[in-house]
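Scroll down for the structure; my scribbles are underneath it.
The values are calculated or read from the model by the stated rules, or taken from the named source; none is laboratory data. It should be emphasised that the depicted structure is a prediction, and the values quoted were computed from it without experimental measurement. Cβ: placed from backbone, ideal geometry, glycine included. Neighbour counts: every protein chain shown. All accessible areas refer to the heavy atoms of the entire protein, side chains included, with ligands and DNA or RNA removed. Shrake-Rupley method; radii C 1.70, N 1.55, O 1.52, S 1.80 Å.
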Amino acid sequence: EIPLSTNSFIDKMKWNIPSPLVRSLENSFTLGVYKNKDKADLFIILKIKDFGIAFRDMLVWETDMLSDLKLALNPNTDSYSGYKFRDYIVKNKDTRSFGLTPGKTSLIYTFLDQKTILITESDDSLVALLNAFINKNTIR
């Protein structure tokens, strides 16, 4: 078993991520599924080295993000007419949500902290994964 690096995964998926963002990513990533009662949502967690570069270039990547992630995340919409990225607050976290309105999301991402980006398909999966991240990182 040979682990797949973040850069190799991006190359294989043929994503058009800005070069500075690719260089700011750590070598490992997580690709997973969050299943709730109604459906399963894929998610990707990327670890980053430089928050400033990642923040800036995630906004730049938005122009290609939906087409890049279509194969991996399968955003749940057939027509994107009227859809756009919007700022959206979820559990006191700034997010960028792609959809007609906040809460009706086809793709959403946030910075869990200054070293971690979460990208997923729905608000529900974002909330569940955010809760898991918060609980994991809470000192008791």
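Expected output is a single nm value to one decimal: the length gained when fully extending between GLU26 and THR63, i.e. 0.36 nm times separation in residues minus the C-alpha distance. What is it?
Extending this stretch completely gives an extra 11.1 nm.
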Q. When ligands, DNA and RNA are left out and all protein chains stay put, how many square angstrom of accessible area per residue does the chain have with a 1.4 Å probe?
A. 58
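Can you give the convex hull volume of the alpha carbon atoms of the chain per residue, in Å³?
Value for the chain: 132 Å³ per residue.
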Q | Gain on full stretching of the segment that runs from ILE53 to LYS35 - 0.36 nm per residue minus C-alpha separation | A | 3.3 nm
Q: In a Gaussian network model over the chain where Cα atoms closer than 10 Å are linked, find which of LEU130, LEU107, LEU31 has the largest mean-square fluctuation.
A: LEU31
**Q.** Extension gain, ILE134 back to LYS70 (0.36 nm per residue minus Cα-Cα distance, nm)
**A.** 20.3 nm
Q | Those aspartates and glutamates that a straight Cα-Cα span of less than 15 Å connects to LYS49, excepting residues fewer than 8 apart in one chain | A | GLU26, ASP57, ASP113
Q) In the stretch 10-73, if every C-alpha pair distance is counted and binned at 10 Å from zero, what percent goes to each bin? A) 20, 50, 25, 5
Q. With springs only between Cα atoms under 10 Å, which of ASN36, ASN16, ASN92 fluctuates most in a Gaussian network model of the chain?
A. ASN92
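Placing +1 at every Lys and Arg Cβ and -1 at every Asp and Glu Cβ, with all other atoms neutral, what dipole size does the chain have around its Cα centre, in debye to the nearest 20?
Around 300 debye, computed over the chain.
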(Q) Past 27 Å, Cα to Cα: identify those pairs from LYS35/LYS70; LYS39/LYS136; LYS14/LYS37; LYS14/LYS136; LYS84/LYS136, in the order given. (A) LYS14/LYS37; LYS14/LYS136; LYS84/LYS136
